[in-house]
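Heads up: the structure comes next, in structure tokens.
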Amino acid sequence: MVGNNSEPLATSAASGSASAVKLSVRNLAIDYAGKPALEGVNLSIHENEIFGIIGPANAGKTSFLKALNRMDMFDNHMHVLGDVQFNGRSVNKLRNVYALRKRIGVVFPLPVGLPMTVYDNVALAPRLSGIRKRAQLDEIVQRCLTRAALWDEVKDRLQSLGSLLSGGQQQRLTIARALSQEPEVLMLDEFSIAVDPVTTMRIEDVLKELKSEMTIILVTNLVQQANRLADRTAFFLDGRCVEIGTTQALFSGQVKEQKTQDYIEGRFG
Amino acid sequence: MFAQTKLNIHDRHVQSLVRTLFMLMTALLILPVLAILATLIVKGGSMISWDFLFSDPTDGMTAGGIFPALLGTIWLVAVALMVSVPLGIAAAIYLSEFAPDNWMTRIINLAIINLAGVPSIVHALFGVGAFVLFFGFGTSILAASLTLAIMTLPVVIVASRESLQAVPQAFREACWNMGATRWQTIMKVVLPNAISGILTGVILEVSRTTGETAPIMFTGAAFFLPFLPESVFDQTMALSLHLFVVSTQVPNVPEALPYGVALVLISMVLLMNSISIAFRMYLRGKKKW
């Protein structure tokens, strides 16, 4: 939690039912220096679900994620129109975007092991929110690394550099770091690109467990990964959200658009 | 299939010719350094003694030591560093981490480049006008050091900015995405990885500050002073000016004396450089990505 910062985000106190809306997106349009990347997206993401987003390259999947935690602020050329609400609050109007980002963990395709020790990588977010006690930090580091299925491999070298781990280990380190924020939403953008199949399966198991505690948004270019994990799946194509449905429906052929069917069956993309 | 054609042989010969040529050119760079050091040591080495370093000049500066000048140079460099390092690093952090990409920033960058190109004698006159007269510091260590600081500021800013920008953007974004502010990101991620490059800028500045003569001769360095400075508002002697004086302004100076002064001056620079380089290597050894 974010302590005494102004504008605390209401932690949807009214929730309780599994279908409470966590994120709601209305008329979202994104462009980069006038070049449209995404338009007309309307969807809601519920608490404790895994929301899959599939689609070929340049469909606007990553841009969508960037709009959710205001990453457009990092890029002068990126403009976001429309409304994104997190726990019922418009993220575009928040002054305390830091509290928003703290509640949304992000994992990118290429792992970013920060050039500090494994321990410090995972302890960074807790330290940023003011936790100083060594015992408490130790506990968080061990818990997050364990949940990211990395603890056994690094428990003897917590003091070596995080950026020297292998690619797959760094990706799990990135996930552990995201978990150390105690996020309400975890966004993963094609996390398995730099990870071997065995590790991918281990991370997928972790995600299934995490679902009970948080909302997970899974952008993937592996259609079968969405099928394995997602409760609902959205299909993005050419900067539009073509279709949203339960994963079960989409993968059993109950689609409204032929293109969705074609993509799922691997006929293009 | 691996037999050499005439063309292959020709290509290989050209390559080795180019390599040899460039290697010779590189080797030429070392020659002046070696020549300077050798000359100074041969001609001035005999002057160096405990007494030379730590006693006052005597007999109209034709004998005795260089202590007031040595101490004065340390004063000047230290005060200049105290001003230019914090100022330069702060400006570099602003330009690299905060400044929006607009006309204002571009003008500031242009100003920094131009400041680096201003001749040192012009800086000296600026120092007289601004610090000695306008601010009323008089000819003093403070005025001379501020002039030196202004002159070397662009070096610190440019070197620091370059090394800040060399830190991958992905590190910053990873940190921002955890909810860190820009300042937290700078302290936790950016600065620790840029510090070795920033030190390079400071090293360059120290070397340059130690040797400069023009900016200090009108603003705070004295021809000859029979006493040591007690505060930054006093004048002082300085090694670089002392070298100029004993080489050209004073009659009947023994030949070895200027060489001895020059040897001390260059040793100071080399000593500072090696300390900083060692420190930098230590820091660099800790950083890897």
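Every number here is computed from the coordinates shown, using simple stated rules; none is lab data. If you're wondering where the values come from, they're calculated on a predicted model, not measured in any experiment. Virtual Cβ from ideal backbone geometry, glycine too; neighbours counted across all protein chains shown.
Which residue is surrounded by the most Cβ atoms within 10 Å (Cβ to Cβ), if the candidates are limited to the range B:60-102 and must be more than 24 Å from B:Met151 (Cβ to Cβ) and small (Gly, Ala, Ser)? Once the filter is applied, the top-ranked residue is B:Gly65.
Residue under question is B:Ser16, and the condition is that it be without any contact (Cβ under 8 Å) to a residue 60 or more places away in the chain and within 13 Å of B:Leu263 (Cα to Cα); does it hold? When the stated conditions are applied, B:Ser16 does not pass them.
Taken together, the residues in the range A:252-263 that are within 23 Å of A:His46 (Cα to Cα), touching a helix residue (DSSP H, G or I) at 6+ places or on another chain (Cβ under 9 Å) and surrounded by fewer than 19 Cβ atoms within 10 Å (Cβ to Cβ) amount to 1.
Checking the range B:152-168 against the condition returns no match, with no residue being more than 30 Å from B:Ile275 (Cα to Cα), surrounded by fewer than 19 Cβ atoms within 10 Å (Cβ to Cβ), within 14 Å of chain A (Cβ to nearest Cβ) and not hydroxyl-bearing (Ser, Thr, Tyr). Selection of helices (runs of 4 or more DSSP H) fully inside the range A:191-269 by the criterion of at least 3 residues being within 22 Å of A:Ile104 (Cβ to Cβ) and not small (Gly, Ala, Ser) returns A:197-210.
Okay, residues lined up against (1) touching a residue at least 40 places away in the same chain (Cβ under 8 Å); (2) of a type in the set (Phe, Trp, Tyr); (3) in a loop (DSSP other than H, G, I, E, B):
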| position | (1), (2), (3) |
| --- | --- |
| B:Leu37 | yes, no, no |
| B:Val42 | no, no, no |
| B:Gly45 | yes, no, no |
| B:Met61 | yes, no, yes |
| B:Val79 | yes, no, no |
| B:Val85 | yes, no, no |
| B:Pro100 | no, no, yes |
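Taking the criterion of being under 16 Å from the mean Cα position of the chain (by Cα), more than 8 Å from chain B (Cβ to nearest Cβ) and crowded, with 21+ Cβ neighbours inside 10 Å, the only residue of the range A:109-119 that qualifies is A:Pro111.
Among the residues of the range B:237-289, count how many are within 22 Å of B:Asp51 (Cα to Cα) and more than 20 Å from the chain's Cα centre (by Cα). Qualifying residue count, the range B:237-289: 13.
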